[in-house]
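Data block below; observations after.
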């Protein structure tokens, strides 16, 4: 089987969701009213805007993730060929990891790993 | 401290208080304008140290409005009741004891809500249980609600 | 070629279908028909598995909580989830006035597509997989991490404050735990020397990797279990839909069948990570073989591979359900602390340890 | 789409979230308006009154025995203690001596009620933190207590069992046997609670150092009950102003100095042990005798003010009756422990996260009908 | 952070988690500990074994809460009734004490004047109306009744489709006052 079969899976998934929602549209009851279209906030109308600029301290984590995830991508090829490369690969990955862990420790010490 | 000693002490601080006999718990009737100073004194002086306000109750007697303060000391475990009254039933106002006991905040809001007693210097005197636009104060004796209150 | 296959090896079966299709019609149409067959088979499998997992979870949690669980619809309540499905189909689809309509509608598509795409690469039994990539592990990781987009879109587009917070949490959470999932899989890739899932399974012919790789493999398995539970947004890591804080989190505003897709995707993602764990750590469809015990190996061979695979996956899913119904929920900062201060350093050291073991040939 | 705002305006707006009245973690209909900075709680403004029924107003129209059945409905999880508050006030005002047997039964019933209440709190608290299994275990173990109640009083939740002067009816002949059976069972099962939740590292992380209130602050804010004792405030009315038989039995007042959520949790777990100890001391020596004192058909209190402090499962309840000599009271005030405990929520949860707010409000064990009355 | 502390912290945490899992896991493998009661089935006298198929080992020995058949305790306050004997006689004299004592106005007594054989006028009940929708089951009516005319039964299935169906007349059609009750 070739990789184009992925398209089949894609289409099948779209079909599954699309069909079910369309089907539900036809058989499900529908009664529109303004109260129902309110966003749910425990029965109280929402105060102020929802899409506000607000502080979720996870931005730092996203950056850290970016750094580490790119590193992970580099490790994958190494992992595959590690058995053939042997000792040289091991020493190189130790150096690589040393730098990586150093980065993590730096972030740790700088309190970047604490959700403020 | 026994009741007698507390009585003496209070009379020394504030001679114009009235202490009726025969109450199960020592009750002190204080003029409204002197209440705050007495309460502050009672809390802060080390031999009484009434540091815990158990309960604050507003009472509508039909002719007058009163507020009862049940105070106790966690150190000596003696309890007294302070009572203060006003003849002004329409707009009764007392000094808030919030700055002495923070627990008074909700008690006073409740008294304001249900009896219409205003407390001066209260940080946030709003209705507690009823809507902001509710008319009247239900716990008053002359409150009438022909729909919800059934006379029997 | 005559139609003959055994449940021990599906290769001949799939090849027979392939050959007879190509013999009957031109190659282009044969390919189309083949694809349609695969699509239908997987759709059916997907739906049935989802229904079964919902039922299983309800029954398992009920038994842990001294309850009976569903027992009214059908024998032992077995048709309960089908009744639920019908109910969800019949429920009104509510639109929120200020919601971002396009994104609101797209979100359920994304979560389902992602889980469906990832399932394509799972080897269910010998010869029974849709696709066998040479970068299988990598592919599954890449695809499954896209699910967060659906969750984020759902939360953001709902124009609901609970949903928004839920989506933000989900973003931070999935993004972080992605690392641990990757690194714990790398640990095994080092041992296996390949990212192709069929090769990985074949490599466990004499012994499963979790036993082969000593302590590093066990640590990697535990880390993978924790991280993947977090990645599928399941308790105790269900912060995105923390019902005591955010009512229902990112899918608060979804009703009827739209909600059902989020629900389904959660279970399918759980199956997905459980099957990856089974494949990578527990030998997939490979029966339990111990090097040198020939008689024992033969006895194990009698159990068909498909049973081995599903048995292992369901066992791992059972463990994940066990987690969910035992532990209280974590808080967002604890969640991130767990990842960045515990799992990640442990994982990095663990990879090195595994590399050392492979280098020295200490593994079995 | 919403109108476009300047960046400046957006940055200045507060992020307000309503938790309640229809929210899983408020255990009833209470509304918390929470202003957030990210996930961090900046201010909590409780709004109550959603189920305000005017019990105090209703009491002014009713006779004293009739008031009892209203008090059940305030804090339905400590119904016996609420009844006791009115009964004891009336008995104190009339100066009547109630039979020893009644005192024994009342003490045992109160303590059983306390265990039942803490069990329900335990399971609801576990659920607040996301551990749903706790909920079923707690309810399962509460069932035998409710059976004991049902057998003697005729109801499971709101019993209206006490009357001024005694009890509604005598205890069931099986009462002692059933209670002893339950104590034996619960002594075996309570360590399971610790295994499931108390020792759990996630639970400890979630509760330790969260929502701290110092002792002085607790006294000043009137935080009573197990919540106050978690802050080191020795506020147990059973010790400080004993009623029933609490001055005769031997029990410990559970105090913790930390003042955090975990301390409040531990106080309640310890109190369950202490309650079992109290029951065990009394259950074998309930004296024979009448189950009620001789009362007049129409109870009229003398003129004056009477009050009684009672320790419910949630804190100090006060029944304050002002009488003008009629068969109806002039004014009845119930000092709801929940309402006063709620006042501390804002101070406790400031600068903690929204998940902690749920944990803190759960640890205060709020029962909304008592708060609103 | 100390490395030893770090590792021992992890181990301690894992151990506490395992203890918790032991509790739930042990219940998973002990289905006879299930306490659920199957409501409509357990109303029946002869409880069939298959109603309890998932908990076939439950025989009510392990936990007090386990019961196969639902037991209604005798004192359960389910509904107010006026017991009649076999001669269709009740004990209610129509004095109105229950009406007076009811906190909610649940009871209403409609009385009539009867003339007895010796010519005396006497009050008797025509209708003893009980509005169950307003009843809070406080038991004051039963307790204060001077002639023990009222009692509680332990029926508890009161769901009806119309609220007016909750208004009941307690004395039966054509019933009379029991002899010897004043």
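The values are calculated or read from the model by the stated rules, or taken from the named source; none is laboratory data. Source: prediction; values computed, not measured. Note that each Cβ is placed from the backbone with ideal geometry, even for glycine, and that neighbours are counted across all protein chains shown.
Numerical summary
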read-out	value
Conditions (1) more than 20 Å from the chain's Cα centre (by Cα); (2) free of Cβ contacts under 8 Å to residues at least 24 places away in the same chain: number failed by residue D:274	(1)
Qualifying residue in segment A:8-16 (condition: outside any helix (DSSP H, G or I) and more than 7 Å from every other protein chain (Cβ to nearest Cβ))	no
Pick from segment C:50-61, criterion within 16 Å of residue C:313 (Cβ to Cβ) and either without any contact (Cβ under 8 Å) to a residue 24 or more places away in the chain or within 13 Å of another protein chain (Cβ to nearest Cβ) (or both), ranking: nearest to the chain's Cα centre (by Cα)	C:50
Some residue of segment C:281-301 being outside any helix (DSSP H, G or I), touching a strand residue (DSSP E or B) at 6+ places or on another chain (Cβ under 6 Å), in the same structural domain as residue C:206 (by TED's automatic domain parsing) and touching a residue at least 40 places away in the same chain (Cβ under 8 Å)	yes
Selection status of residue C:58, assigned to a helix (DSSP H, G or I) and either farther than 25 Å from residue C:141 by Cα or outside the structural domain of residue C:325 (by TED's automatic domain parsing) (or both)	yes
Test result for residue A:26, part of a helix (DSSP H, G or I), surrounded by fewer than 11 Cβ atoms within 10 Å (Cβ to Cβ) and more than 7 Å from chain C (Cβ to nearest Cβ)	yes
Residue in segment C:223-240 that is within 19 Å of residue C:164 (Cα to Cα) and at pLDDT below 80 present	yes
Matching residues, segment D:341-373, being under 24 Å from residue D:157 (Cβ atoms), within 14 Å of chain B (Cβ to nearest Cβ) and not in a loop (DSSP other than H, G, I, E, B)	D:341, D:342, D:368, D:369, D:370, D:371, D:372
Residue within segment D:58-69 that is within 14 Å of chain B (Cβ to nearest Cβ), within 19 Å of the chain's Cα centre (by Cα) and farther than 22 Å from residue B:59 by Cβ present	no
Helices (runs of 4 or more DSSP H) wholly inside segment D:188-241 containing at least 2 residues that are farther than 24 Å from residue D:275 by Cα and more than 21 Å from the chain's Cα centre (by Cα)	D:201-207
Matching entry among C:102, C:119 (being surrounded by fewer than 21 Cβ atoms within 10 Å (Cβ to Cβ) and either in contact with a helix residue (DSSP H, G or I) (Cβ under 6 Å, 6 or more places away or on another chain) or assigned by TED's automatic domain parsing to the domain that holds residue C:274 (or both))	C:102
Members of segment C:190-208 found to be surrounded by fewer than 24 Cβ atoms within 10 Å (Cβ to Cβ) and within 14 Å of another protein chain (Cβ to nearest Cβ), listed by number	C:193, C:194, C:196, C:198, C:199, C:203
Residue in segment E:144-167 that is within 14 Å of chain D (Cβ to nearest Cβ), in a loop (DSSP other than H, G, I, E, B), buried (at least 19 other Cβ atoms within 10 Å of the Cβ) and within 24 Å of the chain's Cα centre (by Cα) present	yes
Residue match in segment E:115-136 (condition: within 14 Å of another protein chain (Cβ to nearest Cβ) and not in a loop (DSSP other than H, G, I, E, B))	yes
Residue, farthest from residue D:372 (Cα to Cα), within segment B:111-152, restricted to residues that are touching a strand residue (DSSP E or B) at 6+ places or on another chain (Cβ under 8 Å) and outside any loop (DSSP other than H, G, I, E, B)	B:120
Test: residue in segment D:111-119 that is assigned to a helix (DSSP H, G or I), surrounded by fewer than 19 Cβ atoms within 10 Å (Cβ to Cβ) and more than 11 Å from every other protein chain (Cβ to nearest Cβ)	no
Hits in segment E:128-141 - residues which are closer than 27 Å to residue E:162 by Cβ and surrounded by 15 or more Cβ atoms within 10 Å (Cβ to Cβ)	E:128, E:129, E:130, E:131, E:132, E:135, E:136, E:137, E:138, E:139, E:141
Scope segment D:150-181; condition part of a strand (DSSP E or B) and under 14 Å from residue D:69 (Cα atoms); matching residues	D:162, D:163, D:167
Output for segment D:125-148, where each listed residue is surrounded by fewer than 22 Cβ atoms within 10 Å (Cβ to Cβ) and more than 30 Å from residue C:243 (Cβ to Cβ)	D:147
Selected residue (criterion: modelled with the highest pLDDT) from residues of segment A:48-74 that are in contact with a strand residue (DSSP E or B) (Cβ under 7 Å, 6 or more places away or on another chain) and crowded, with 16+ Cβ neighbours inside 10 Å	A:52
Residues of segment D:215-238 that turn out to be touching a strand residue (DSSP E or B) at 6+ places or on another chain (Cβ under 9 Å) and either closer than 15 Å to residue D:313 by Cβ or without any contact (Cβ under 8 Å) to a residue 40 or more places away in the chain (or both), as a count	10
Given (1) surrounded by fewer than 18 Cβ atoms within 10 Å (Cβ to Cβ); (2) under 18 Å from residue C:164 (Cβ atoms); (3) modelled with pLDDT under 85, number of the condition residue D:3 does not satisfy	(2)
Top-ranked residue in segment B:113-128 [being touching a helix residue (DSSP H, G or I) at 6+ places or on another chain (Cβ under 6 Å) and within 11 Å of another protein chain (Cβ to nearest Cβ); ranked as surrounded by the most Cβ atoms within 10 Å (Cβ to Cβ)]	B:128
Where residue C:256 falls short, out of the listed (1) on the phi > 0 side of the Ramachandran plot; (2) buried (at least 23 other Cβ atoms within 10 Å of the Cβ)	(2)
Filter pass, residue D:338 being more than 10 Å from every other protein chain (Cβ to nearest Cβ), at pLDDT 85 or above and within 19 Å of residue D:229 (Cα to Cα)	yes
When residues of segment C:340-349 are limited to those that are within 23 Å of the chain's Cα centre (by Cα) and more than 9 Å from chain A (Cβ to nearest Cβ), the one farthest from residue D:40 (Cα to Cα)	C:347
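Each row is one residue, and each column tells you yes or no for (1) touching a helix residue (DSSP H, G or I) at 6+ places or on another chain (Cβ under 7 Å); (2) away from every other protein chain (no Cβ under 11 Å).
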position: B:70; (1), (2): no, no
position: B:78; (1), (2): yes, no
position: B:89; (1), (2): no, yes
position: B:111; (1), (2): no, no
position: B:136; (1), (2): no, yes
position: B:140; (1), (2): yes, no
